[in-house]
Amino acid sequence: MAEYQTPQLDELEKGPWPSFVSEIKKAAETSPMANGLLGQLERSYQEKIGHWKHGGIVGVMGYGGGVIGRYSDLGEDFPEVAHFHTIRINQPAGWFYTSEKLRTLCDIWEAHGSGLTNMHGSTGDIVFLGTRTDQLEPIFSKLTKAGFDLGGSGSDVRTPSCCVGPARCEWACYDTLKVTRKLTMDYQDELHRPAFPYKFKFKMSGCPNDCVASIARADMSIIGTWRDNIKIDQGAVREYVANGLNMDDDVIDRCPTKCMKWSGDTLAIDNSNCVRCMHCINVMTKALAPGDDRGATILLGAKAPIVEGAMLSSVLIPFIKIDEEEELESLKELVEEIWDLWCEEGKSRERVGEFIQRVGLGNFLDAIGLEPLPEMVAHPRENPYIFFEQDDEDEDEDEDENE
Amino acid sequence: MAEERLTDIGPPDYEDLLPPVIKDNYGQWKYHEILKPGVLCHTGKSGDKLFSVRAGSPRLVSIDKIRKYADLADKYCGGYLRFTSRHNVEFLLTDEAKIDPLIADLKELGHPVGGIGNSISSMVHTQGWVHCHSAATDASGVVKAVMDELFPHFANMDLPAKTRLALACCLNMCGAVHCSDIAILGIHTKPPVVDHERLAKICEIPSLSASCPTAAIRPAEVNGKPSVEVIEEQCMFCANCFTVCPSMTMSNAETDGISIWVGGKVSNARCEPKFSKLAIPYLPNNPPRWPEVVNAVKNIVDVWAANARNYERIGEWIDRIGWPKFFKLTGIEFQKEHIDDFKFAGTTYHNSAHLTF
């Protein structure tokens, strides 16, 4: 195996934070590809520039996504990484594993790739970093036998992901893992065969703390919430205060709608004015909890800057009981309605959020058959340039008369 | 007979991967506590307790490391573990007495425990020079340098509120860095260099033209070949043209660099989710340890930690004190680049006489 000097990368083995360089070096003990990566990366550090070329089209038979083609522009200097493709593997919901499953993945990757991974990629997939085209089918065959499948890439449904949900969180207002699995399984075709104008991401967060950042990056953000009253254990509240919690400074004054009162003995919440921000519940985990009438808010349209600027998702459905089969099915019908419209009218590389921005939320709602609600806007319009729809009834009558 | 080729089977069912204590208490957790840095205790309505030990990770891990995680899971957790949305690994225990031995083993393995509560958790980040074609900076190296410096805030819960850091190596922003307390963003500062010789052979000129958000790219004939021209003063270096056409080179070793953004959040706690705003337009790429970037991030964290109230995240703190004071306290110079000039620029001007002196 070639021996590469890595004086710059060696600097990144120092310090208390775990080092990615040590990980690459460990893999390089047995993998020529990982060793080639060390060589090329050191070159990047010296030259202050990346050395990967634009992806080519590679994949497994019958799939249009899941593999990112990657080639070095220094293939002659570092032949080990001349071809260095990425494979995205759909993670189990909530990123739960058994040691046995992890070892199976490691064995497959040891036999067919660089031995380097991301646990996990930004979207949530298990990422296998670096293999050659002729290894893709053998890897895919072993993965599927072991119960794994590829994730999304390109203009398709990207691998759905979710927070830990009811598996380990008392605040989960719906079963994020179950909904994630349901959408993942029902949309296998849309996930593996890109047919959209651009990518479409689902992210499931169990409460408004939004631990998977769905409001910032999911085309459809499903965020848990509740409609009834926050549950209060007054004894436990008093215990927090007895143990030193400054109720006025740290809870009452931090409430965004000032809907809480502390008498020195009893905590009162005007739930009709609570916006479900979670702060008081976050502070007093033992004393407060979301109510029992739980469900989710559906928001639409988040994305990173490219092309038309970054957007956060905005409210589409204020509340649904998503744990119920029927409601989830009706949400799926709405999703498919949105996809049909976006596929028909959307421009290439236009995310749903940008599409809505271009056609206007009002027109978008008309097209998918939803009524406008005040919950959908931060405030009504400030400008008087109102597109009053022209009543064309008279015209119709004229036409009728002509017939 | 040929073996059946399995497709569209989806991921393994999570239900088969949950430890028994989670199966027994699924959806029936009552409350949780932070026992100490990096250690959570969830108590079920049943009275069952689940201890989660969270360890930091570089995200880029070898199969050797994953096998070691698996060994630890076998030794302490009946073979069960999970990962978090910020690349941490979490071990799920039912025996409280095993927490400290596990932490000692993790330390031995080089993986510190922390990132819970009012701390800095692992940084969400992208591929950078390790694996991306459009990177304006490395990702893992900058993250390593920043986390080394801020390490005490990962290992201890010594901050006014939680702080979420993230890095994206270009404006494509794989990961939600645009809503982070502090975002480190790789940027280009020069217009694309057009390869007129090859462009028409590998790119579709109309879609290349259409890819530019400021209409700075026009079809043109150059040296007798169909190609494009770039109206350079209209380019804001987003690199979307490079994404659709490899003949539009954006990377530049001398002028690529890093911008720093502050005050974003995704959680709804207290205030609504919000975008990060520009703090520092440009810092040079200075590998291997990016000292300018590390110092800038540390300075912002230090000034915030010294001035914020309890539970006030960076964006909430700035909302209270105002941006002029943020720039004054941090000593960051306010420049023309801080003033927005894209789509909704007008909405970012200060339309009031509310000022502090």
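Placing one equal scatterer on every Cα of segment B:282-330 and applying the Debye formula, the log10 ratio I(q)/I(0) at q = 0.21, 0.23, 0.25, 0.31 Å⁻¹ is -0.74, -0.82, -0.89, -1.13. Accessible surface of segment A:264-403, 1.4 Å probe: 46 percent of it comes from carbon and sulfur atoms. All other residues whose Cβ lies under 12 angstrom from that of B:Glu90 are scored, Lys and Arg at +1 and Asp and Glu at -1, for a net of +4. The A-B contact accounts for roughly 10000 square angstrom of buried accessible surface, both chains included, probe 1.4 angstrom. Ranking B:Leu50, A:Thr123, B:Gly315 by Cα position along the charge dipole of the protein assembly as shown, where only Lys, Arg, Asp and Glu carry charges on their C-beta atoms, puts B:Leu50 farthest toward the positive end. Per-residue ellipticity at 222 nm, computed for chain B from helices alone with -39500 (n - 2.57) per DSSP H run of at least four residues, works out to -8000 deg cm²/dmol.
Accessible area per residue was computed with a 1.4 Å probe on protein heavy atoms; B:Asp195 scores about 50 Å².
Among the GluC sites (Glu not before Pro) within segment A:346-385, those in coil by DSSP and having at most 14 neighbouring Cβ atoms inside 10 Å are A:Glu382. Prolate is the label for segment B:230-331, because a/c, from the alpha-carbon gyration tensor with a ≥ b ≥ c as root eigenvalues, is 1.5 or above and a/b exceeds b/c. Each 5 Å bin, from zero up to the one with the longest distance, holds this percent of the alpha carbon pairs of segment A:40-104: 4, 15, 17, 16, 14, 14, 13, 7, 1. For chain A, relative contact order (Cα pairs under 8 Å, six or more residues apart, normalised by length) works out to 11 percent. If I take every Cα pair under 8 Å that is 6 or more residues apart in segment B:15-109, average their sequence separation and divide by the length, what percent do I get for the relative contact order? Relative contact order of segment B:15-109: 24 percent. Residue ranking by accessible heavy-atom surface, 1.4 Å probe, largest first, among A:Ser263, A:Ser153 comes out as A:Ser263, A:Ser153. In the context of the full protein assembly, B:Trp323 retains an accessible surface of approximately 80 Å², using a probe radius of 1.4 Å and ignoring ligands and nucleic acids.
Normalised per residue, the accessible area of the protein assembly as shown is 41 Å², obtained with a 1.4 Å probe and no contribution from ligands, DNA or RNA. Annotation for B:Phe327 and B:Asp341: the two label points, set 7 Å from Cα along the Cα-Cβ direction, are 1.6 nm apart. Other residues with beta-carbon under 11 Å from the beta-carbon of B:Val61 carry, at +1 per Lys or Arg and -1 per Asp or Glu, a net charge of +3.
When shorter helices are ignored and each DSSP H run of at least 4 residues is given -39500 (n - 2.57), the per-residue value for chain A at 222 nm works out to -9500 deg cm²/dmol.
Using the Karplus relation 6.51 cos²θ - 1.76 cosθ + 1.60 with θ = phi - 60°, the per-residue 3J(HN,Hα) values for segment A:234-246 come to 4, x, 5, 4, 4, 5, 4, 5, 4, 8, x, 5, 8 Hz, with x marking Gly and Pro.
If I compute solvent accessible area with a 1.4 Å probe over the protein chains, what percent of it on segment B:193-249 is carbon and sulfur? Heavy-atom surface of segment B:193-249 belonging to carbon and sulfur, 1.4 Å probe: 54 percent. Using the Cβ of B:Asn285 as centre and a radius below 10 Å, the other residues enclosed give a net charge of -3, where K and R count +1 and D and E count -1.
Which of the listed residues, B:Cys271, B:Ala345, B:Leu92, is farthest toward the dipole's positive end in chain B, when Lys, Arg count +1 and Asp, Glu count -1 at the beta-carbon? Result: B:Cys271.
Give the angle, between 0 and 90 degrees and rounded to the nearest 10, that separates the Cα long axis of helix B:99-108 from the longest principal axis of the Cα atoms of chain B. Result, in degrees: 40.
Measuring between alpha carbons in the structure, the pairs from A:Lys332/B:Lys49; B:Lys23/B:Lys274; B:Lys274/B:Lys343; A:Lys145/A:Lys182; A:Lys199/B:Lys298 lying more than 27 angstrom apart are A:Lys332/B:Lys49; B:Lys23/B:Lys274; A:Lys199/B:Lys298.
Ordered by solvent-accessible area of protein heavy atoms (1.4 Å probe), largest first, the residues A:Glu325, B:Glu149, B:Glu233 come out as B:Glu233, A:Glu325, B:Glu149.
For the protein assembly as shown, pairs of C-alpha atoms spaced more than 37 angstrom apart make up 40 percent of the total. Shown are B:Glu3, B:Glu292, whose ranking by accessible area with a 1.4 Å probe and every protein chain present, most to least, is B:Glu3, B:Glu292. In straight-distance terms, cross-link reach from A:Lys26 covers every one of the lysines whose alpha-carbon lies under 23 Å from its own, apart from those fewer than eight places away in the same chain; here that gives A:Lys14, A:Lys101, B:Lys65, B:Lys68, B:Lys75, B:Lys107, B:Lys144.
Given contacts defined as C-alpha pairs under 8 Å and at least six residues apart, what's the relative contact order of segment B:193-249, whole-number percent?
Working: 84 pairs, mean separation 25.6, N = 57.
For segment B:193-249, the relative contact order is 45 percent.
The values are calculated or read from the model by the stated rules, or taken from the named source; none is laboratory data. This structure is a prediction, so every number in the text was calculated from the model and none was measured. All Cβ positions, glycine included, derive from the backbone under ideal geometry; neighbour counts span all protein chains shown. Ligands, DNA and RNA are stripped out before the accessible areas are found, and what is left, the full protein with its side chains, is counted by its heavy atoms. Shrake-Rupley method; radii C 1.70, N 1.55, O 1.52, S 1.80 Å.
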